[in-house]
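Q: Take a look at the following structure, please.
Every number here is computed from the coordinates shown, using simple stated rules; none is lab data. Note that the structure is predicted; figures quoted are calculated from it, not measured. Cβ: placed from backbone, ideal geometry, glycine included. Neighbour counts: every protein chain shown.
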């Protein structure tokens, strides 16, 4: 049994996300449809911002962004080249459609790690990175599972991931999502 098979089996029996709200929000690139989600294991709401028409669910640009309150609100404004949220929005604007998936921290959202470590994507390892701790692996799989279920709930079947570095997610096929590639944010 592969990881994808195990994920598909569990996904048919376990629901990690529930849609709890929908509204429109004005962003720096224009109007977006916002959908909020909860999970059974966190008291926070995750947010999907949808730009343009993603109705076909094919080859949709998606940024999966883990909340980091210090970087997202304070530090990135002083260092625009590191502002992955704005870079993602500008890329989505250029393409004409896409999803910014904002995964909230289960606590107050203040990072426990150093800012330079938190500034980059933390959902996957790159070649040569040190192994994750058991706690970090659990958080990584939770983030991937929550993100993947939200993406599927939006009707998306294939994505082009927006990230600072090349990414691969083992087991996405278990959620019936195809990763077509990574579009590097600069």
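Q: Can you give me the distance in nm between label points at residue 58 and residue 25, each placed 7 Å from the Cα along the Cα-to-Cβ direction?
A: In this crude label model, residue 58 to residue 25 measures out at 3.0 nm.
Q: Between residue 165 and residue 6, what FRET efficiency comes out of the Förster formula 1/(1 + (r/R0)^6) with R0 = 22 Å and r the beta carbon distance, rounded to 0.05?
A: Efficiency at R0 = 22 Å is approximately 0.25.
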